[in-house]
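S.K.: Let me begin by handing over the structure; questions about it come next.
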Number of protein chains: 2
Amino acid sequence: MSRPRGPEMVNGFTGASLAAQPPHIRELLIRRGKVLGPGYQLFYTNPVEVVRGDGVHLYDSTGNEYLDAYNNVVSLGHCHPAVVEAVTRQLSKLTTNTRYLQADLLDFSERLLATFPAELDRVTYTCTGSEANDLALRIARAHTGNTGIIVTRNAYHGVTAEVAAFSPSLGPSSPLGPHVRTISAPDPLRHGTSVVADLRTEIRAAIDDLQRHGFGVCALVVDSIFSSDGMQPVPTDLLGVLAAEVRAAGGVYLADEVQAGFGRTGTGWWGFGRHEVVPDLVTLGKPMGNGIPVAAAVLRNEVGREFGRKVRYFNTFGGSNVPIAAAAAVLGTIEAEGLIDNAHEIGAQLKRGFARIASDHPHLADVRGAGLFLGIEVTAPESTEPDRVLAQSLVDDLREHFVLVSASGPHGNVIKIRPPLVFDAADAALLLERFADSAARVLPT
Amino acid sequence: MSRPRGPEMVNGFTGASLAAQPPHIRELLIRRGKVLGPGYQLFYTNPVEVVRGDGVHLYDSTGNEYLDAYNNVVSLGHCHPAVVEAVTRQLSKLTTNTRYLQADLLDFSERLLATFPAELDRVTYTCTGSEANDLALRIARAHTGNTGIIVTRNAYHGVTAEVAAFSPSLGPSSPLGPHVRTISAPDPLRHGTSVVADLRTEIRAAIDDLQRHGFGVCALVVDSIFSSDGMQPVPTDLLGVLAAEVRAAGGVYLADEVQAGFGRTGTGWWGFGRHEVVPDLVTLGKPMGNGIPVAAAVLRNEVGREFGRKVRYFNTFGGSNVPIAAAAAVLGTIEAEGLIDNAHEIGAQLKRGFARIASDHPHLADVRGAGLFLGIEVTAPESTEPDRVLAQSLVDDLREHFVLVSASGPHGNVIKIRPPLVFDAADAALLLERFADSAARVLPT
């Protein structure tokens, strides 16, 4: 391909295997190179073509069936009929925006806010998690009068100019803003029991440094599963401590629930609930519409007051009819099908199963996660030394055997498993069986 | 309502008429105040409730039919069956993202790029026009190595933190970035024949000032119909001159086609075509999916090269299946129904008709526009002194007689008429008749 290579991405297609691809894959790759703009990347050493989805499965054009253990947007499963039906009905009836009065918008907003602690009582809609984080930061800046932002070392929060500036996982060529400081993510495998005390020390230093540079403290932004930091579900007493430090310095705590939200972590609707702390702002996205773009910022009324006094915010599609209809169908289906409990149960089954497999493989140093958001750390044997190459081999071997997962973490060595919430016991058993087979093939003994 | 009032907006509901609203409207207003976050605003002195749309009509819950002469997102008309059918089919088949290979994405991208001059040969998808402008600026910054941005005095380009910083129409409480300079929009009613020379002088001063402050020149960003500057379709030799100045200073020309694109101005697909200049980057949005969130940045390959080398860009929903299916249906329908020619013809009918009405009313100083994007300037009689109050009275009188338009411009005195592209001769005749009636009722003689 004549396009320049982009920066390295965990589990990204590098183009090295281009010549080895089947002709129809090669043709698609060449066509992509001729029309798509900068920055696009594909997954896997051998990219996957998809033409159809159904429940927990994706299909390619030659009829192969893939077990999808990665895609969290379709948290109800691919092509869930409740969403198809709700969107079709709405599209046939009305598609307009929030500058007209509409009861549907209010009905949904009331239902959505009922899933939050009472303090979080207002919602503003956007189309993407990036837009939600961008807006939340504008609101936080107006509220605090400060600009400094604290995130974890390998955090990812989105792709607007504002949000990319506090998303260090985008890599060294995507610079952080001068007003951004990073702290370590928790990593009990390496920190031992001092995680909370260590991170309190780190955040105090970050706060001091932001104040010393005149930025002040605007916001601590974290996702409660620390996804791009390698998925760290514990300790659950950490976020409350960090939030208290930031609030004492005049800042707010923004919980990025774009990945962890809507029941994924198996304990209530929102990931921060596991941590027993109530944020000042919360951002939502990906699974909110099961494939229809819809996202939101939820906040305490008083946090939004100053922004509302100064600035109007109109997002043409944010809160428009079709996204809201899709989101209402998703909310209703999560409740009707008991998907939060399912995430808890099937997640526990998977965690037990992966732990059993790991006990046979000294390269699998840790199995962790919450609900259906799991990480398996691949290292040198009986060590905490990350092994990214081996992790990629596992991901690729699973892909060749029709199971889709990916990898994450600052060292790219943590297998990331995040199936649709409708995964059942048989799907989990199949995933475990295939994973055990891949581990046996790929991991040195 | 207990919520604080936001900043003033042209044709915004102020709350003053709350007590006079019917009970079910008042109830909706109160519910909005209790759940929606900061920044939301409604249109009109008496807000409009909508429950259903069909073609060029919107309906409220008491069965009133409104002629929609304002909503450009549904440029095929409300609830066009081609979009309903395409989206339903796609939702039932597959909703995933650009990290998997998919022929549909490439098929559509090739069709879309074929509507552009050959130099504009790459496309990156986002969900909103704001995201597209945000991304385009990141790309332009990487390409030029500069940060300075030039926009028109009352420009609007979107709501991310980055883009709000160069959207002066958001008002004085939403500050412009230190790297942003404004120039006048063309205004032949007031400039006379010296518009091009005057603006060349202004842009040269802006360029000098950006260089003097060390920002350099990154981009000139304009929408080719100058929508929030009051809709200025002429002179058509201006943008080429401004683009040449910016390019000579090392910057690029970004055409914001979020409002003017997809045939709205009645001469080819893109508004910049009327100006006979080829931009370096183009952003698309609103009508692209007829109600499904989808947007894009189109660019010259070499302009994206440096960004692609440094940064990856992944927008979960941008370029995902459902938005692309909707966009393909829109593109196909614009072609199949000859909507660009229709915009040209019906636009001309409207312009003639409004000019005839204006000739009876000394307060209607100018009728202008291109295709189905029209502005009627309301002033003191036989004068160029803007009369915002009278313009609002006209907009509100039309709304009370079931015709939806709005107002725009730095003084809020330009009636903004922007109906769906499927407006036919009878719709236009009805709009003209109602407008003449409102003018007779509202305008002093």
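Readers should treat all values here as calculations from the given coordinates under stated rules, not as data from a laboratory. Remember, predicted model here, so these are calculated numbers, not experimental data. Here the Cβ positions follow ideal geometry from the backbone for every residue, glycine too, while neighbour counts run over all protein chains shown.
S.K.: Over chain B, what is the relative contact order in whole percent, taking alpha-carbon pairs under 8 Å and six or more residues apart?
M.R.: Details: 915 pairs, mean separation 89.8, N = 445.
Result for chain B is 20 percent.
S.K.: OK, next. With the Cα gyration tensor of the range A:67-202 giving a ≥ b ≥ c as the square roots of its eigenvalues, does the rule (a/c under 1.5 for rounded; else a/b larger than b/c for prolate; else oblate) give rounded, prolate or oblate? Mind dumping the intermediate values first?
M.R.: Working: a/c = 2.04, a/b = 1.64, b/c = 1.25.
Cα axes put the range A:67-202 in the prolate bin.
S.K.: When Cβ neighbours within 10 Å are restricted to other protein chains, what is their mean count per residue of peptide A:49-56?
M.R.: Working: counts 4, 8, 7, 4, 6, 3, 0, 0.
Mean number of neighbouring Cβ atoms from other chains: 4.
S.K.: Percent antiparallel among DSSP beta bridges with both residues in the protein assembly as shown, to the nearest 5?
M.R.: Details: 64 of 100 bridges.
Of all bridge pairs located within the protein assembly as shown, approximately 65 percent are antiparallel.
S.K.: Under a straight-distance cross-link criterion of Cα-Cα below 18 Å, which aspartates and glutamates are reachable from B:Lys93, leaving out those fewer than 8 residues away in the same chain?
M.R.: A:Glu49, A:Asp54, A:Asp60, A:Glu65, A:Asp68, A:Glu85, B:Glu85, B:Asp104, B:Asp107
S.K.: Using the Cα gyration tensor of the range A:234-307, with a ≥ b ≥ c the square roots of its eigenvalues, what is the shape: rounded (a/c below 1.5), prolate (a/b larger than b/c) or oblate (neither)? Show your work: numbers first, answer last.
M.R.: Values: a/c = 2.83, a/b = 1.25, b/c = 2.27.
Since a/c reaches 1.5 but b/c is at least a/b, the shape of the range A:234-307 is classed as oblate.
S.K.: What number do you get for the protein assembly as shown when its Cα radius of gyration is normalised by 2.2 N^0.38 Å, N = residues?
M.R.: Working: Rg = 26.9 Å, N = 890, 2.2 N^0.38 = 29.1 Å.
My calculation over the Cα atoms of the protein assembly as shown gives 0.93.
S.K.: Please tell me the relative contact order of the range B:81-221 in percent, rounded to the nearest whole number, where contacts are Cα pairs under 8 Å and at least six residues apart.
M.R.: Working: 139 pairs, mean separation 31.4, N = 141.
Value for the range B:81-221: 22 percent.
S.K.: Charges at C-beta only: +1 for Lys and Arg, -1 for Asp and Glu. How large is the resulting dipole of the protein assembly as shown about its Cα centre, in Debye rounded to 20?
M.R.: Values: 78 positive and 96 negative charges, 237 e Å.
Result for the protein assembly as shown is approximately 1140 debye, rounded to the nearest 20.
S.K.: Any idea how far the Cα center of the range B:376-445 sits from the one of the range B:15-34, in Å?
M.R.: Measuring centre to centre over Cα atoms gives 26 Å.
S.K.: With n ≥ 4 as the cut-off for DSSP H runs, can you work out [θ] at 222 nm for the protein assembly as shown, using -39500 (n - 2.57) per run divided by the number of residues, rounded to the nearest 500? Mind showing how you got there, number by number?
M.R.: Numbers: 26 runs with 330 residues, N = 890.
Calculated from helices alone, the mean residue ellipticity at 222 nm is -11500 deg cm²/dmol.
S.K.: Separate question: Which whole number gives the average count of other chain Cβ atoms within 10 Å of the Cβ atoms across peptide A:28-36?
M.R.: 6
S.K.: Along each of its three principal axes, how wide is the spread of alpha-carbon positions in the range B:61-141, in whole angstrom units, largest first?
M.R.: Result, largest extent first: 50, 33, 22 Å.
S.K.: Something else now. If you check each cysteine of chain A for another cysteine whose beta-carbon is under 4.7 Å away, which ones come up empty?
M.R.: Cys with no partner Cβ under 4.7 Å: A:Cys79, A:Cys218.
S.K.: Turning to a different aspect of this structure: Across chain B, how large is the tail of the calculated P(r) beyond 31 Å, expressed as a percent of all Cα pairs? Could you put the intermediate results ahead of the total?
M.R.: Values: 40776 of 98790 pairs.
Everything past 31 Å amounts to 41 percent.
S.K.: Shape of the range B:150-207 from its Cα gyration tensor (a ≥ b ≥ c, root eigenvalues): rounded if a/c is under 1.5, otherwise prolate when a/b > b/c, or oblate?
M.R.: Since a/c reaches 1.5 and a/b is larger than b/c, the shape of the range B:150-207 is classed as prolate.
S.K.: What are the label-to-label distances in nm, one decimal and shortest first, from A:Gly240 to the same spot in the other copies, with labels 7 Å along Cα to Cβ?
M.R.: Counterpart label points of A:Gly240 in the remaining copies fall at 6.9 nm.
S.K.: What number, in nm² with one decimal, is the all-direction average of the projected area of the convex hull of the alpha-carbon atoms of the range A:356-399? Provide the component values of the computation, followed by the final result.
M.R.: Numbers: hull surface 13.5 nm².
Directional mean of the projected Cα hull area for the range A:356-399 stands at 3.4 nm².
S.K.: Another question about this same structure. Kindly give the distances from A:Glu110 to its copy-mates, label point to label point, with each label point 7 Å from Cα along Cα→Cβ, as nm values to one decimal ordered shortest first.
M.R.: Distances to the matching label points in the other copies: 5.1 nm.
S.K.: Just going by the charge dipole of chain A, with Lys and Arg at +1 and Asp and Glu at -1 on Cβ, which of A:Gly369, A:Thr14, A:Ser227 is farthest out on the positive end?
M.R.: Checked the options; the winner is A:Thr14.
S.K.: What is the magnitude of the charge dipole of the range B:81-336 about its Cα centre, with +1 placed on the Cβ of each Lys and Arg, -1 on the Cβ of each Asp and Glu, and no other charges, expressed in debye to the nearest 20?
M.R.: On the way: 22 positive and 25 negative charges, 113 e Å.
Its charge dipole is roughly 540 debye.
S.K.: Please state, as a whole number in µm²/s, the translational diffusion coefficient that the Stokes-Einstein equation yields for the range B:293-445 at 4 °C and 1.567 mPa s, with Rh defined as the Kirkwood radius across alpha carbon pairs.
M.R.: Details: Rh = 18.0 Å.
Using the Kirkwood radius from Cα pairs, D works out to 72 µm²/s.
S.K.: Where in chain A lies the longest segment free of GluC sites (Glu not before Pro) that are both loop residues by DSSP (not H, G, I, E, B) and have at most 10 other Cβ atoms within 10 Å?
M.R.: Details: sites that count: A:Glu276, A:Glu382.
Longest stretch, sites excluded: A:1-275.
S.K.: Oh, and also: Hey, for A:Asp360 with labels 7 Å out along Cα-Cβ, what do the inter-copy distances come to in nm, ordered shortest first?
M.R.: Relative to the other copies, A:Asp360 has label-point distances of 8.8 nm.
S.K.: Oh, and also: In 5 Å bins starting at 0, how do the alpha-carbon pair distances of the range B:81-336 split up by percent?
M.R.: 1, 6, 13, 18, 19, 16, 11, 7, 4, 2, 1, 0
S.K.: Separate question: Quick one: Karplus J couplings for the range B:208-215, per residue in order, coefficients 6.51, -1.76, 1.60, θ = phi - 60°, nearest Hz, x for Gly and Pro?
M.R.: 4, 5, 5, 5, 4, 8, x, 7
S.K.: If you don't mind, there's one more thing I want to ask. Do me a favour and compute the ellipsoid semi-axes for the range A:1-130 from its Cα gyration tensor, root of five times each eigenvalue, largest one first, whole Å. It would help to have the intermediate numbers written out before the result.
M.R.: Working: eigenvalues 290, 73, 52 Å².
Semi-axes (√(5λ), whole Å): 38, 19, 16.
S.K.: Among the listed pairs A:Lys416/B:Lys286; A:Lys34/A:Lys286; A:Lys286/B:Lys286; A:Lys286/A:Lys351, give every one whose C-alpha distance is greater than 26 Å. Intermediate results must be reported in sequence, preceding the final value.
M.R.: Values: A:Lys416/B:Lys286 35 Å; A:Lys34/A:Lys286 28 Å; A:Lys286/B:Lys286 21 Å; A:Lys286/A:Lys351 24 Å.
Exceeds cut-off: A:Lys416/B:Lys286; A:Lys34/A:Lys286.
S.K.: Add +1 for every Lys or Arg and -1 for every Asp or Glu among the other residues with Cβ under 11 Å from the Cβ of A:Gln232, and state the total. If you can, show how the numbers build up before the last one.
M.R.: Details: positive: A:Arg190, A:Arg368; negative: A:Asp187, A:Asp223, A:Asp229, A:Asp366, A:Glu377.
Around A:Gln232, the surrounding residues sum to -3.
S.K.: A further question on this structure: Looking only at the range B:81-336, where both bridge partners belong to it, what percent of the DSSP beta bridges are antiparallel (to the nearest 5)? Spell out each step's value before the answer.
M.R.: Values: 10 of 24 bridges.
Restricted to the range B:81-336, the bridges split so that about 40 percent are antiparallel.
S.K.: Cα atoms only: what Rg and Dmax, in Å, come out for the range A:249-372?
M.R.: Taking only Cα atoms of the range A:249-372, I get Rg and Dmax of 18.1, 60 Å.
S.K.: Below 8 Å, C-alpha to C-alpha, sequence gap of six or more: please give me the relative contact order for the range A:81-336 in percent.
M.R.: Averaging sequence separation for qualifying contacts and normalising by length gives 30 percent for the range A:81-336.
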